[in-house]
Structure formats: C-alpha cells, structure tokens
Ligand code: ADE
Ligand code: ZN
C-alpha cells in the first residue's frame, strides 16, 4: 500500500481551516460573473500566478481582497459546500471550520447571510456527504475589541450554530489580552475558545502565555513557538491542549514545513494535529499536507496515525461521537 493510499483511506478530522481560505480561483470567477463584479484577472491561472505569499500580511491582503466576490447566502452556501465536497473526497469525516464574519459585515454583507449560508451547507454535508462539522466564529484581531463584542452579540441568536470562537488575522501588536473580555463572555455563552498563535510572530511567547493563563483557551492554533520554552510545553501537555499545526501554510508564511517541530511536540506529549489552514491559497488540502510531511520530512504511518488520532481526541465533538473514532 502506497503512503498516498494510506493517507487517503485514513478517516481524518480537520480542526484548522478558514472557509474563506477554501475559495478556489475557479469559484472566484463564477461568483464574480453571477454577482456582476469585474475582476482584474482574466483566468483562474492568472489568479494563482499572483499568489505571492512570504509572510502573514502579504497573505492576508490577497485573502481579504478575493472575498469581495462573496455576497449572497447562496455564495456562502456554495463556498462551504465545495469545501465539504473536497473534504469528503479525501475521507475527512469531521471538520471544525472557521469563518471571519467581520470580513463580510465590513463590506455590507449581513451576519445572517453569512452564517445561514454556511449552516445550510453543514446540514447538507452531514446528510449527503457524511461529513460532520461544528463551526467556529473567528474575530479579526486587527479590528477593535468593541467590534468583536458587537459580533458576539450578533451571534447570540445563532448560538446553536456555533461550537466556539477563535482569533485570527494580523497578530502583530494584537495580543490575546486585547480580547480577554470578549472571550470571557463567549465562555459564559457556552462556547469553546481557541486563538491563533501564528509562527514566529512578535511577542509570540507572551501571546502563548496569555492564551494559557489569562484566556484559558481550550486549544491553540499553530503554537509552534511554545517549543522555545520548556515550562510552556509541560503545561500544554499537562492540560492536554490541542495544537493545530498547518505544515504547508507554514512553508509559505515562514518558509518552514515544521516537520521537526511537529515531531518534537509529539515527543513531549503535546497533542499536535495536521491541518490545511487556507487550502485554496496554499494549494494543499489535508492529503497534500500529510504527503508534504511524508515526502519532505519522512513521516511514517505511525506518526500520521498518531497525529490523526490527536485531532479526533482534541476535537470538540460530543464524547459519544468521539468514542467511535478513538
Ligand atoms: N486568516 C486566514 N488565514 C490565516 C492565517 N494563516 N493566520 C492568521 N489569520 C488568518
Ligand atoms: Zn489559520
């Protein structure tokens, strides 16, 4: 059995994927046409050729610009459904996707339009593709804490459509502490908490410490730099906190597939998981992320099995569902 066969057949869970980061170039074109939007590119290949990411800001500016084609509930439904179809094709059976409502409300798209479209796709994916999912609302950390609080208010009528909240976008000078109050309120509402601690960001160890001591997160997105501090590693392992690592994304954003770092996490008993982050932009879904680790860092079937098991274990699915995978 080839490694690709093995990776393909393994039932997988994905815990770090931005739905807006699954917007494929072909879909940008069909949505632009339907919504009467003029694009500066003539073909999907031209769009891909313009993907030039070397750090987080250079990625984010392209990511936010492309979202302009997403306008109607149907657009968000299609976006999410197309992702779930790709997930199903790779035997990803469970997903906790992120979405960025502020990136849409700031353009005049209603919160309801976004969440209702995504929710309908989740129901369709569960019923006809066998892909179960629980949605995570991400706040944009380069916007104000007040804006985050307003969006948490907007989410209250839809609270049953959410499992948790996250924090993404530009991390520089936007520490977890900025959002302590909003996250405390989210916890009171019964939501799980996670935050990006993106690789090699300014003040990253302080950000990870704030996540643990102040916010008391239930998971950490990326979190690679914790390896620089033994006490942080010990605490993350002791709490059984999941770390959602995104190898191909890291290769683009910090020029490092992070294979050695993932191995170190496993050896320290930290629950690392493998994820795609923004697969349409980094041109790699789950299988391609695992295969990059196989081809460039010689990951074994045992290591891949452990990483996949970790993902089910640190997921926020109900314990009764979880037991079917562990
Ligand atoms: N939003 C979408 N993808 C992101 C990433 N990799 N880091 C921070 N914010 C994001
Ligand atoms: Zn991310």
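In deg cm²/dmol and to the nearest 500, what is the mean residue ellipticity at 222 nm of the chain if only DSSP H runs of at least 4 residues count, each as -39500 (n - 2.57), divided by the residue total?
-13500 deg cm²/dmol
Write down Rg/Rh for the range 42-200, rounded to two decimals, with Rg from the C-alpha atoms and Rh from the Kirkwood relation over Cα pairs.
My calculation puts Rg/Rh at 0.96.
At a Förster distance of 25 Å, what's the computed FRET efficiency of residue 313 paired with residue 181, Cβ-Cβ distance as r, to 0.05?
Working: r = 30 Å, r/R0 = 1.21.
Using R0 = 25 Å, I get an efficiency of 0.25.
Mind pulling the per residue volume of the convex hull built on the Cα atoms of the chain? Å³ is fine.
About 128 Å³ per residue, rounded to a whole number.
For the range 1-95, place one equal point scatterer on every Cα, skip the solvent, and apply the Debye formula. What is log10 of I(q)/I(0) at q = 0.22 Å⁻¹?
Values, matching the q order: -1.15.
Quick note: the coordinates plus some simple rules give every number you see, no bench work behind them. On a predicted model such as this, the values are computed, not experimentally measured, just so you know. Backbone-built Cβ (ideal geometry, glycine too); neighbour counts: all protein chains shown.
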